[in-house]
Amino acid sequence: MTAPVPEEFLRRFARAERVVAFTGAGVSAESGVPTFRGAEGIWKKFKPEELATMSAFLRSPELVWEWYSHRKRIIAEIEPNPGHHALARFEHLFPHFALITQNIDNLHRRSGSRTVYELHGNIERNYCVKCGAPFSNAVVLRASGVPRCDRCGGTVRPDVVWFGESLPEEQWDLSLRAAQSAEVFLSIGTSGVVYPAASLPLQAKRSGAYLVEINPEPTPLTDVADLFLQGRSGEILPALLEGVERIRSAESRGME
Ligand code: APR
């Protein structure tokens, strides 16, 4: 049973103007997307160095594509959960709201979020490593074996950030700026061990943000957070949404 959200925090949250949400694999767990380091986590079953690095791709593009095609097909069948939907609503409730995600599953956009900074790419996009031409999943999933660029013959790869690769500069700059100007920073469903993304909650705290962590398990961030909401994001985020709407409507009726 998830503990109720403290009313004192709900008041602070309902009055905030600049809010940032930072998400990891845990926000999609209730949709059926496996996390990476949980009990049934992806990296418990597969070796990241064999599937999610450029050297693995150069060594065996067939194996890497087999794995990403499998993930693309699974994720295409999955639906956003109430946690994703609550975050999409926050974008309309706060004057300055940004959603920074480490997830590549595109479920935030599919649930209606518009301002989404994708730090690790997006599994629905692909591009030619030689000329940069973009390719949709519809095209690459039709290819038998490793998809090739029909313009230059180059190899096509998923537009995701592999281990050892740098993050997309513009997405990182936008994320850093948002974190440094946040009043309330929500860190949701991330183990907080993969850098540089994991530095963002600390940057926000250092810049004066009220740092909230949402996770069923404590993480290295828990001791730094101002508030730890222990539980599943698919339950806690809708509760935050309900709380903000309740307080705001009471205020507008002059009852607060
Ligand atoms: N609600 C909220 N959090 C949850 C839920 C849930 N329903 N279920 C699990 N979690 C938490 C776990 O307790 C864990 O702390 O989500 C976290 C998932 O952690 P990881 O599997 O390490 O995923 P993440 O932090 O997103 O990984 C970061 O590592 O493998 C790379 O590029 C990949 O973006 C990924 C990055």
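Observations, loosely collected:
- Computed from Cα positions, the angle between helix 61-77 and the longest principal axis of the chain comes to roughly 40 degrees.
- Aspartates and glutamates with Cα under 16 Å of Lys47, excluding same-chain neighbours fewer than 8 positions away: Glu62, Glu66
- log10 of Debye I(q)/I(0), alpha-carbon scatterers only, for region 1-115 at 0.10, 0.12, 0.14 Å⁻¹: -0.41, -0.56, -0.72
- Estimated FRET transfer efficiency (Gln230, Arg59; beta-carbon r; R0 45 Å; 0.05): 0.60
- Diffusion coefficient, µm² s⁻¹, Stokes-Einstein with Kirkwood Rh over alpha-carbon pairs of region 1-67 at 4 °C and 1.567 mPa s: 83 µm²/s
- The label-point distance for Val194 and Glu40, in a model that sets each label 7 Å from Cα toward Cβ, rounds to 1.9 nm.
- Loop-located trypsin sites (Lys or Arg not before Pro) in region 24-64, at most 16 other Cβ atoms within 10 Å (DSSP): Arg37
- DSSP-loop chymotrypsin sites (Phe, Trp or Tyr not before Pro) across region 14-121, with at most 15 other Cβ within 10 angstrom: Phe46
- Rounded to 5, the percent of DSSP beta bridges in the chain classed as antiparallel: 25 percent
- Normalised per residue, the accessible area of the chain is 48 Å², obtained with a 1.4 Å probe and no contribution from ligands, DNA or RNA.
- Note on the chain: Rg/Rh from Cα positions, Kirkwood definition for Rh, rounded to two decimals, is 1.00.
- Point-charge dipole on Cβ atoms (K/R +1, D/E -1) for the chain, about Cα centre, debye to 20: 580 debye
- Taking GluC sites (Glu not before Pro) across region 106-210, none is in a DSSP loop with at most 10 further Cβ atoms lying within 10 angstrom of its Cβ.
- Taking every C-alpha pair closer than 8 Å and separated by at least 6 residues, the mean separation divided by the residue count of region 98-193 gives a relative contact order of 25 percent.
- Region 103-170 and region 1-63 have Cα centres spaced 18 Å apart.
- Using the Cβ-Cβ distance between Cys152 and Ala3 with R0 set to 41 Å, the FRET efficiency from 1/(1 + (r/R0)^6) comes to roughly 0.15.
- Overall dimensions of region 199-256 as given by Cα atoms, namely Rg and Dmax in Å: 14.3, 42
- What you get for region 162-256, charging only the Cβ of Lys and Arg (+1) and of Asp and Glu (-1), is a dipole of about 180 debye around the Cα centre.
- Nearest 10 degrees, 0 to 90: helix 82-93 Cα axis against the chain principal axis: 60 degrees
- Compactness of region 105-256, expressed as Rg and Dmax over alpha-carbon positions, Å: 19.7, 66
- Theoretical ellipticity at 222 nm over the chain - DSSP helices of four or more residues, -39500 (n - 2.57) apiece, nearest 500: -11000 deg cm²/dmol
- Computed in the context of the full set of protein chains, the accessible area of region 99-256 at 1.4 Å probe radius has 50% of its extent on carbon or sulfur.
- A dipole drawn for region 67-223 from +1 and -1 charges on Cβ atoms has a positive end, and of Ala86, Ser175, Ile74 the residue lying farthest that way is Ile74.
- Normalised by the number of residues in the chain, the mean separation of alpha-carbon contacts (under 8 Å, six or more apart) gives a relative contact order of 25 percent.
- Relative contact order for region 20-106, counting Cα pairs under 8 Å that sit 6 or more residues apart, in percent: 44 percent
- C-alpha long axis of helix 233-252 to longest principal axis of the chain, angle in °: 40 degrees
- Calculated FRET value between Glu66 and Arg177, using beta carbons and R₀ = 51 Å, to 0.05: 0.85
The values are calculated or read from the model by the stated rules, or taken from the named source; none is laboratory data. Source: prediction; values computed, not measured. So basically every Cβ, Gly included, is an ideal-geometry build from the backbone, and we count neighbours across all protein chains shown. For accessibility, only protein heavy atoms count, side chains too; no ligands or nucleic acids. Shrake-Rupley method; radii C 1.70, N 1.55, O 1.52, S 1.80 Å.
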